[in-house]
1. What are the ³J(HN,Hα) couplings of segment 15-25, residue after residue, when phi is run through the Karplus curve with 6.51, -1.76, 1.60 and θ = phi - 60°? Round to Hz, x for glycine and proline.
2. Treating only the Cβ of Lys, Arg, Asp and Glu as charged (+1, +1, -1, -1), what charge dipole size does the chain show about its Cα centre? Round to the nearest 20 debye.
3. For the chain, max minus min Cα coordinate along each principal axis, in Å, sorted largest first?
4. What number results when the radius of gyration of segment 172-291, computed over Cα atoms, is divided by 2.2 N^0.38 Å?
5. Take the alpha carbon atoms of segment 250-431, find their radius of gyration, then divide it by 2.2 N^0.38 Å using N residues; give the quotient.
6. Among the lysines, which fall within straight-line cross-link reach of LYS228, defined as a Cα-Cα distance under 29 Å, with same-chain neighbours fewer than 8 residues apart omitted?
7. Which ³J(HN,Hα) values in Hz, rounded to whole numbers, follow from the phi angles of segment 44-58 under the Karplus curve 6.51 cos²θ - 1.76 cosθ + 1.60, where θ = phi - 60° and Gly and Pro get x?
8. So which trypsin sites (Lys or Arg not before Pro) in segment 383-475 end up in coil per DSSP with only 16 or fewer other C-beta atoms within 10 Å?
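Read-outs throughout are calculated quantities, based only on the coordinates presented, and are distinct from any laboratory measurement. Keep in mind that what you see is a predicted model, and the values were worked out from it rather than measured. With ideal geometry, Cβ positions are generated from the backbone for all residues, glycine too; neighbour counts draw on all protein chains shown.
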Amino acid sequence: MKTIKRIYIDGTFVTPHGTEMFDLFDPSRGEVIGQVQLADAEDARLAVQAAKRALPAHARTTKAERIELLHSLHDAMLSKTADLEEATILEYGAPIARAKWTAQYAAESFLNAAKTLEAYSFTQAVGEAEVIMEPMGVAGLITPWNANAGFICNKLAYALAAGCTAVIKPSEMSAMQTEVVTEGLHAAGVPAGLFNIVTGRGDIVGTELTTSRDIAKISFTGSTVVGKAIMKTAAETLKRVTLELGGKSPTIILDDADLRSAVPTALMGGFLNNGQACIAGTRVLVPEARLAEVLQLAKATVEAAKIGDLRDPATMIGPLVSEKQYERVQRYIRLGIDARATVVVGGEGHPKGLGGYFVKPTLFAHVSNDMTIAREEIFGPVLCIISYRGEEEAIAIANDTNYGLAAYVLSSNHTRARAVAARLQAGRVMINGAPHEPLAPFGGYKQSGIGREYGVAGLEAFLETKAVLGALICV
């Protein structure tokens, strides 16, 4: 049993003031494998003060100095990829292919921020004024359990690139991954207080960050419900907020698509990260005239998918992160059955021969877009297949959602796919697959969030704009 009894404040590993012990689980077996001692509000306050002390010096650093810092952090995190992969498999239940990708992504976040910074100008002339982009101040970075290391590193990279310092509150469910990340970042030898990591509960540590007058910015990734609460609390001090929240993303298979490739691609996008991905394409929209073909191919694809052995590179789907998440997904499966949607494959319970928090990858057909399973984010490997009678109806169904984080279009005609993509209400639309561009803005329409991360948009999310008038006038 592993026990973690340290957090990171002012450049040092310290024992938390908080005394609560939180169990850590192996989701493959549903067994406790460790504990973490959680930080409390006092720890959060100490972390904020450390970041506040470090802010003036870091805010004055040059662009070249920040780029050098980001490269150092990349190198330090790259040396921890093997440890991070192992922790992600053990604590989160990620198949090894996913664990390897996320570990690399965590390190590369710093290079992406450095690349953005290299091309960015913090001053520009606008008419007779000089416009200056300045760091907002201390940033509170609140990250979720479904991609813990990547969210920590990406948010931190852009905060530091902007000249901000940070206090990070990662999910308490990801303490093993957080420990590896913290050790990696510490090894880079950055100035004390530049970043601080306090693992604790959202209603304690998270609340302290969102209410603190010394925090200028909150960047949060998580559920829409919690995002709304953060926004309300942050409004008391008019904090700037970036919220990347839930999704119920559509995947439109157009009638000209090659179903032999389109169907597996759609399912892969829906089952992404064990189904625990905000961008997962969980509503699969198919032409009514081709529904029977789609269902046949979809059933065969799911039945052939490898589930279980997380260290097998061929494994597509692992377990859910917790018992709570397992029960949540089971409830939605029952709701789909009660609504008389057709279970094409999957259903309630565990896959044969597996326990822990594994669920059966489930496809529902004959789903209408007003059903609960089509409206609410399930956050598990459960997909809804919805038929449409024409392109206009497909677009209407796709946009008929409270969310707007991502959307997917599959077609053999790229021009047509682009035209459909232009009409979808989503922060990212991906054509014929799930390509990732780390320098393009990422965020959502509607209740999928506010603001953007990545690239220039992600950098400017940590900057304030100052106009100096008369600065360009020669006397």
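1. Listing the rounded values in order: 6, x, 5, x, 10, 5, 9, 10, 6, 10, 10 Hz.
2. Working: 46 positive and 51 negative charges, 80 e Å.
Computed about the Cα centre, the dipole is about 380 debye.
3. Taking max minus min along each principal axis of the Cα atoms, the chain gives 73, 61, 39 Å.
4. On the way: Rg = 20.2 Å, N = 120, 2.2 N^0.38 = 13.6 Å.
It is 1.49.
5. On the way: Rg = 15.4 Å, N = 182, 2.2 N^0.38 = 15.9 Å.
Taking the Cα Rg and dividing by 2.2 N^0.38 Å, one obtains 0.97.
6. Counting by Cα, and skipping residues close in sequence, LYS228 has these lysines nearby: LYS52, LYS155, LYS169, LYS217, LYS239, LYS248, LYS324, LYS446, LYS466.
7. Each residue's phi maps through the Karplus curve to give 4, 5, 4, 5, 4, 5, 5, 5, 5, 5, 7, 4, x, 5, 5 Hz.
8. On the way: sites: ARG389, ARG416, ARG418, ARG423, ARG428, LYS446, ARG452, LYS466; in loops: ARG389, ARG423, ARG452.
Passing sites in segment 383-475 are ARG389, ARG423.
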